[in-house]
Amino acid sequence: MKAMLGTKRFRRGERFGTMFLALACVLSLLLALSGSGPAVAQTATPATTAVPSAVASGAVPSPEALATATAAAPPAPSGNAHTNEEDRSHGLQAMHGGAMVPLALMPPGTNASPLPSDRIFPPQQLTIRFNHTKHVKELQQSCKSCHPGAYDSTRASDYLLPSPSKTCDNCHDNDHSNLANVTTGGEPSGECSYCHLGENAGKGGKVAKLVIPRPNLRMNHAVHAKRNIDCAHCHGEIAELELATREQLPRMAGCFQCHAKSGPAQGEARGACIACHLAEPSGRLLVTFSTGQLQPPNWMHGAAHTADWIERHRGVAGANSELCGSCHAAKFCSDCHDGRVRPRDVHPSDWLSMHAQGARQDNPRCSSCHQLTAFCGDCHRRVGVARDSASDARLAGRRFHPSPDVWTQAPRSAMHHSWEAERNIAACVSCHSERDCAACHATKGIRSGGGVNPHPPAFVSDCRTPFQRNPRPCLVCHTSGDYLLGACR
Amino acid sequence: MRSSVAASLAGASVLLIQAPALAIDWEVTGDVAAQGYEVVSPWGDVVLGRRRLMSTLGVAAYNLQGDASRPFGPSYSVQVRMRVDADFGIRDGETGYVPADRARFVPGLQIAPVDVMMGYVEGRNLLGGALDFRLGRQYQTNVLGWWSFDGGLVRVNTPYYFALESYGGFEQRGGLPLSTSRYEAQGVWRGAGDDALRQDAHLYPSFQFGAVAPAFGVALETSGLNWIKSRFDYRRVYNTGEAFTGQFAFPDSIGPGSGGYEKVDGLRISSDRIGYSLSAFLDDVGALRGGFVYDLYFGNITRAFVSADYFASSKTTLGIDAEYFLPSFDADSIFNWFTHNPSASAMARIASQPSRSFQFAAQAGTKLWLTEGDPASWAAAQCAAGGYATAEQVSQCLRFGVDSTNAFTDPNNALYAFARSEESRKSDLSADLVANGNASYAWYSGKADLRAMVQTGFGDAATNRGRRAGGTISAQQAIVPGLFWLGGRVSTYDWHDPLRPDRDATSFGYVIAPELQPTQFGKVRVEWEHEMNRLVGHRFRILGLLTMRVAP
C-alpha cells in the first residue's frame, strides 16, 4: 500500500482531497450520464434503488467496462476535502435530507414527464454515495474531470463512468487499479463504506453491485458536445445536487427543445423518431423491451394509449397518421380496419345479435371498417333480411321494419322510415340497394317510381354541380329528358 | 452452343459470387384464422353456417441498398401482403350465376376471394432526404380516411417546414382482380361477374361490375415540427365503365324500346374531396386536434372534428371531443340525395394512470340526431294541414293514413304543401346519452381489462332510438411464462329498440382462449365462444388463430 501510495506525488491532504473529488466526480457523473436517480420529490421510485439495505454479494463494475473509461486523473484540489462521519449523510440522495429537487434543477421536459421512461432507461441500482455539489462547487471540478469519455462518445451503449483508479484514487486513500484486489489506506475516505453502500461494504473484498443498464436509444454525446450543448442542457443542474440519480436522465420533451425544429434551424437535430429511438429494419421503432412496451408519452399529440384508446384513437390517427406509422405496420391497422376476424374489444360477444342496434346508433360507425354494400350487404342478402335478397333466402312472412302503415305511408308517423334515413342513412345502405329507394322516390312514368320527392325544398339551387360532374345518380330517378332536370343543367 | 451457355452460366455465377454481400433485412409474416359459427336470423332460424378460413402472407425486404448504418441515408424496400378469405359455408347457388337457378344467387359473392392487401417498392431519404417514393399497391391514411390505390406516390421534403406529396393511379375496387371493395366510397354495390351475369345484368340494376377507377391526389403538410402536424389533402377519384341508371325496365306503355334500361358510361366523378387536419401540443399544457372534410361533389362538409386534451397532471388527462358527421357516398350513388342532416357528438373524458399497473378512463356525452321537422308532431300537424280539421278526422288520418300518392307527390295537395314548407322542416333534435368506462390492471404475468358502455335515447319512438348497455371483463394469465397463456372473457349486454321491440334481448357470453407460443416464430390461439340470449338460444363459435413471423 505504501509503495502504491508512493507513486502519487501528493501530500496527504491533497491526496485525500483529490481522491474524494475524483471519486465523487467519477461516480456522480457516471451515474448521471449512464442513468440513475431517485424521484424528483425524493420519493423512492420503482425504477431506482438508491440505497439497498443489505447486499449479499455485490461486485464492482467489470474491469472491461471500467477499462473503457478513459478518464484522465482530475487535478487535485488543495486542502483536506474529507471531514468526519457527519459527511456520510451527504451524497445519499439528490438533495440532502431528501428535500424535493426544484424543477429548475431537473432536466428539461421534467414538467411534462416527471420520471424518465423505464423503457428507454431501465431501472438501476445505485450502491454509491456521492456528492456532486461538493466536488463541483467546493472542489472546483468540471464534468469533464471525471467523465471525459462523454465528450467523445458516439453510442448510447458507451460506458461513460470514470475509472476509479484514475480518478477516485487520486484523492481517496485506496487503490482500485486491480478490481479483484482493491486496497485501502488508513484514511476514512479510503474505506470502502465511505462511498460504497450496503451493510458491510467491502467485507471480503466485495461491494454491492452497481447496476446501470444500457439505455435503449441512440445517443451521440460527441455530436452534442461539439455543438457546445453542455451537460446541464440535457441532464439538469447536477452541480447543484448531491447524488445524481436516474432522475437526471433526459426527457423526450426536453429533447424536443432542439429536435423539433426544421430546415436551416434544424441542423442535424432531426425530429424524426429514429433520430434517437432504436428502429427495426423496416424503419419502425423497436417497441418491445424487457421493461415493457414503448408507448407514446401522455403529452405527445394526446396519443398516450390510455384505457379508452380504442374509443378515441380515430382523432389522433386522422390528424397525424404518420405518428402511428412510427411504431405500427399497416397490418396492425388492417387487422381491424380491413379485418376478417372480429376484434373482440370493438365488437364484444354476441355482436351478431346486437349489431343492428349498434348500427342504428352509429356506435361504432360501421363504415369505419366495412363497405356497407358489400361486406354488410352480402351477408344481409344471404340471410334474407335485405329487400333484394334472392327468393330462396327471403324469410317468408317476416318483416325487419315496423308495419308499412307507420313505416312508409303518409302521414309521416313518429316511426316513419324517413326520420331514420335522415338521421342515419348509412344504416339503410347496409341492406338496401338503389332499386329499393327508387321504387317510390323515382319519378313517375318511364322511371316507374312513385314520384316521392326526397330533395329538400331548396335543392334546385345546389344541383347543378353534381349533375354536371356525374349525372348518374340524377338519372336513376329522372329520365335524361325530364323537365325537372332543367334547373340542374 | 452448349459451351456458350455453360460459359454464360459460369460467368453469371462468378458475378453473383463476386457481387458484394448486401445486408438486406427480410421478414416473412403470416396468419391463419379458422372460424366456425352459425348465423341465426332475428327470429331464431339458423340461416347460415359459416366455415371461414382466412390466411395472409406477407413478405418484405428492407435496406435493399445494402448499407443500413445511416438512419437517414437512402433506403429501398419492397413489401407484399396477400390474403385469401374463404367461407366454405357458402352454398351452391349463392355464387356462380346460373340463369335457370338464381333462387339463392348473390351478385359479387365469392367463396374464396384473394386480394393483394399491399405490394409496393419504396424509396426513402433519396437526394439527401429530399425525396421519398412508393410504387405499387399502397395505403393512404389521412383525414380523408383509410384508402388504398395502385400507383405511384412522390413526396418532396423541403427544408422549410413543409413537405409536398403527390400521387396517382387507380383506386382499389371490388370486382377487380386481387382487390377488395373495402377502400372505395360507400353506396355503390360493386363486384365481379362472369359473362352470363353480364348478359342478365338488368336483373340486378343496382349492381355495378368493377371497373378501373383513376385517382390522383396532392397533400401539403408540415414537416419536422414535432409539436405541430398540419396537413391539407385533396383527392379525386373517377368512375368508369357502364352502369344502369333507371332501376326498372321501360314500361310497355312508352312503345318501341320498352323493356329496356338506360345506362351511363364513361369517365365521371366518384369522389372529390378536400380535407385538413391539425394536431398540436404543448408538453406541459395540453393537446389540440381538429380537422374537416369537404365533399366538392356533394357541396358539404361531411366531417369535422375537434378534440382537446388538458394534462391535469402527468398521470391524468382531461379532454373533450366533438364531431360533426354527414354521411356521403360515391357520386354514382343516389344515397347522397337522402343525406340531409348531420349527426353530432360531444364527449367529455378523463383518463388516468394512478400506477404503473393500473389505468382507467371514462367518457360521457351525447350523440345528437337532426331531422327536418319534428317526428313527434309531424303526422298530426300534417293531417291538420291537410284539412282533417276535427279531432276525429285527425285521428282517422293518423290511424288509416291518407292517399299516399297525393300526399307525397301532388303539389296542390295540402299535405304535400305542408311537407315541402320550410316552416314544417325546421330542424329538430333528439339526443342519446353515451358513456364508456374502461379500466385495465396488469401484473407480472397477466392482465385484466374492463370495458363498459351505454348508449340510450329518451322519450317515445319519435326521439328514442333505443338503448344498448353492457360490459366485458377479459383477462389473460401466463401459465408457463413465455410459452402458455390462458385467457378468458365474460360479457353481458342488453339492448332495446323501440322500432323492433320483439328483438330486445339481454345477452350473456363467455370466451375461453388458451394461447401457446412454442417457438419465437409464432403462436397459436384457440377461442371457444358461447353466447346466449332469448332470441337465438345458445350459439357457439370456435376460432383458431396462428400467427407467424420469421426474420433474421
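Tabulated data for the structure shown
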quantity	calculated
Strands (runs of 3 or more DSSP E) fully within the range B:76-169 counting 1 or more residues that are touching a residue at least 40 places away in the same chain (Cβ under 8 Å), among the hydrophobic types (A, V, I, L, M, F, W, C) and more than 24 Å from B:F216 (Cβ to Cβ)	B:114-126
Any hit, the range A:295-311, residues being free of Cβ contacts under 8 Å to residues at least 24 places away in the same chain, buried (at least 21 other Cβ atoms within 10 Å of the Cβ) and not in a loop (DSSP other than H, G, I, E, B)	yes
Answer from A:A426, A:A438 - the residue that is touching a residue at least 60 places away in the same chain (Cβ under 8 Å), at the interface with another protein chain (Cβ under 7 Å from one of its Cβ atoms) and crowded, with 21+ Cβ neighbours inside 10 Å	A:A426
Residue, farthest from B:E171 (Cα to Cα), within the range B:228-248, restricted to residues that are outside any strand (DSSP E or B) and out of contact with any helix residue (DSSP H, G or I) (no Cβ under 8 Å at 6 or more places or on another chain)	B:E242
Conditions (1) closer than 23 Å to B:Q65 by Cα; (2) small (G, A, S); (3) surrounded by 15 or more Cβ atoms within 10 Å (Cβ to Cβ): number failed by B:A130	(3)
Among the residues listed as A:G481, A:G445, A:G486, A:G449, the single one being crowded, with 22+ Cβ neighbours inside 10 Å, of a type outside the set (D, E) and more than 7 Å from chain B (Cβ to nearest Cβ)	A:G449
Residue under evaluation B:W495, criteria (1) at pLDDT below 95; (2) closer than 24 Å to B:S430 by Cβ, criterion not met	(1)
Helices (runs of 4 or more DSSP H) completely within the range A:187-281 that count 3 or more residues being more than 14 Å from every other protein chain (Cβ to nearest Cβ) and touching a helix residue (DSSP H, G or I) at 6+ places or on another chain (Cβ under 7 Å)	A:221-226, A:231-235
Residues within the range B:36-59 that are under 28 Å from B:G174 (Cα atoms) and either among the basic types (K, R) or at the interface with another protein chain (Cβ under 7 Å from one of its Cβ atoms) (or both), tallied	9
Within the range A:381-422, tally of residues that are among the basic types (K, R), at the interface with chain B (Cβ under 7 Å from one of its Cβ atoms), surrounded by fewer than 23 Cβ atoms within 10 Å (Cβ to Cβ) and out of contact with any Gly (no Cβ under 9 Å at 6 or more places or on another chain)	0
Extreme residue, surrounded by the fewest Cβ atoms within 10 Å (Cβ to Cβ), among residues of the range B:78-114 that are more than 9 Å from chain A (Cβ to nearest Cβ) and acidic (D, E)	B:D92
Residues that are assigned to a loop (DSSP other than H, G, I, E, B) and under 21 Å from the mean Cα position of the chain (by Cα), drawn from the range B:298-316	B:F298
Filtered residue count, the range B:317-342, keeping only those that are within 9 Å of chain A (Cβ to nearest Cβ), in contact (Cβ under 8 Å) with a residue 24 or more places away in the chain, part of a strand (DSSP E or B) and surrounded by fewer than 22 Cβ atoms within 10 Å (Cβ to Cβ)	1
The range B:42-55 residues that are small (G, A, S), paired with ones that are outside any strand (DSSP E or B) (beta carbon under 8 Å, 6 or more apart)	B:G44/B:L535; B:G44/B:V536; B:G49/B:G89
Single match in A:N200, A:N228 (criterion: modelled with pLDDT under 85 and on the phi > 0 side of the Ramachandran plot)	A:N200
Residues of the range B:425-446 that turn out to be in a loop (DSSP other than H, G, I, E, B) and surrounded by 18 or more Cβ atoms within 10 Å (Cβ to Cβ), as a count	1
Whichever residue in the range B:152-162 is modelled with pLDDT of 95 or more and touching an Asp or Glu at 6+ places or on another chain (Cβ under 9 Å) and, among such residues, is surrounded by the most Cβ atoms within 10 Å (Cβ to Cβ)	B:L153
Test for B:N413: is it among the polar types (S, T, N, Q), surrounded by 18 or more Cβ atoms within 10 Å (Cβ to Cβ) and at pLDDT below 85	yes
Test: residue in the range A:362-372 that is under 24 Å from B:R91 (Cα atoms), assigned to a loop (DSSP other than H, G, I, E, B) and in contact with a strand residue (DSSP E or B) (Cβ under 7 Å, 6 or more places away or on another chain)	no
Residue selected from the range B:354-369 under the condition at pLDDT below 95 and more than 7 Å from chain A (Cβ to nearest Cβ), by the criterion farthest from B:A442 (Cα to Cα)	B:P354
Selected residue (only one of B:D449, B:D502, B:D460 is assigned to a strand (DSSP E or B), among the acidic types (D, E) and farther than 30 Å from B:D25 by Cα)	B:D449
Among (1) within 30 Å of A:G302 (Cα to Cα); (2) part of a strand (DSSP E or B), the one test that B:L225 misses	(2)
Positions within the range A:319-342 being within 20 Å of B:I228 (Cα to Cα) and in a helix (DSSP H, G or I), in sequence order	A:A319, A:S321, A:E322, A:L323, A:C324, A:G325
Boolean, A:S163 is of a type in the set (S, T, Y), farther than 30 Å from A:N298 by Cβ and not assigned by TED's automatic domain parsing to the domain that holds A:Q295	yes
Failed criterion for A:A319 (all others in (1) within 9 Å of chain B (Cβ to nearest Cβ); (2) modelled with pLDDT of 90 or more hold)	(2)
Answer residue from the range A:77-111, given it is touching a Leu at 6+ places or on another chain (Cβ under 9 Å) and within 14 Å of chain B (Cβ to nearest Cβ) and is modelled with the highest pLDDT among those	A:P107
Qualifying residue in the range B:127-139 (condition: modelled with pLDDT of 95 or more, of a type in the set (A, V, I, L, M) and over 29 Å from the mean Cα position of the chain (by Cα))	yes
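Here's the yes/no breakdown for (1) farther than 30 Å from B:G482 by Cα; (2) in contact (Cβ under 8 Å) with a residue 40 or more places away in the chain; (3) surrounded by fewer than 19 Cβ atoms within 10 Å (Cβ to Cβ):
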| site | (1), (2), (3) |
| --- | --- |
| B:D504 | yes, no, yes |
| B:Y510 | no, no, yes |
| B:A513 | no, no, no |
| B:Q517 | no, no, yes |
| B:R525 | no, no, yes |
| B:W528 | no, no, yes |
| B:M532 | yes, no, no |
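The values are calculated or read from the model by the stated rules, or taken from the named source; none is laboratory data. As the structure is a prediction and not an experimental result, all values here were calculated from the model. Please note: Cβ atoms are built from the backbone with ideal geometry, for glycine as well, and neighbour counts cover all protein chains shown.
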